[in-house]
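Where a number appears in this text, it was derived from the coordinates with a stated rule and is not lab data. What you see is a predicted model; the values in this text were computed from it and never measured. Methodologically, a virtual Cβ is constructed for each residue, glycine included, from the backbone with ideal geometry; neighbour enumeration extends over all protein chains shown.
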């Protein structure tokens, strides 16, 4: 059973910037320190790297990672490295992921999100921190479960009207 993909309107750079800024603000909330809390910056960054790889790239991922490092007061560069690897992986598979329905897309983005959460975990362990709880890696699975919701919310402004009007130009 083949479903046609809807034709989307072009995304505006201001909407991309707004969604990344909103995800960063969600990451600033205090509940982010709880085990398993989703990393919204990683999720939104992954979404835009898959859907708009020419507009959101590795440089933006690195900058957002540095901002998260400063906010978390963690080793400078651990989130930057994680987000950079996440962006690189997303850009490498972006054409393949878009061919699949949402449940299959979740299976494609799950390893990327888990890897993005394992990088700071591994860096902290290598730097001599006490062995961290594995519950911190749960965040990657929760982010993957939120992938369909992110798809619906972030693609909504680009969808055409379901009932075209002859007086409307698009």
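Going from the residue with the fewest nearby Cβ atoms within 10 Å to the one with the most, 95, 32, 54 rank 54, 95, 32. Taking every alpha-carbon pair in the chain and binning the separations at 10 Å intervals from zero gives 10, 38, 33, 13, 5, 1, 0 percent.
Going by neighbour counts of Cβ atoms within 10 Å, the residues 108, 79 line up, fewest first, as 108, 79. Sequence-distant contacts, meaning Cα pairs under 8 Å at least 6 residues apart, place the relative contact order of the chain at 27 percent.
Rounded to the nearest 10 degrees, the angle from helix 40-51 to the longest Cα principal axis of the chain is 40 degrees.
Is it possible to state the helix-based mean residue ellipticity at 222 nm for the chain, with each DSSP H run of 4+ residues giving -39500 (n - 2.57), the sum divided by total residues, to the nearest 500 deg cm²/dmol? What is it?
Helix contribution divided over all residues of the chain: -20000 deg cm²/dmol.
Listed by Cβ neighbour count within 10 Å, with the fewest neighbours leading, 43, 8 appear as 8, 43.
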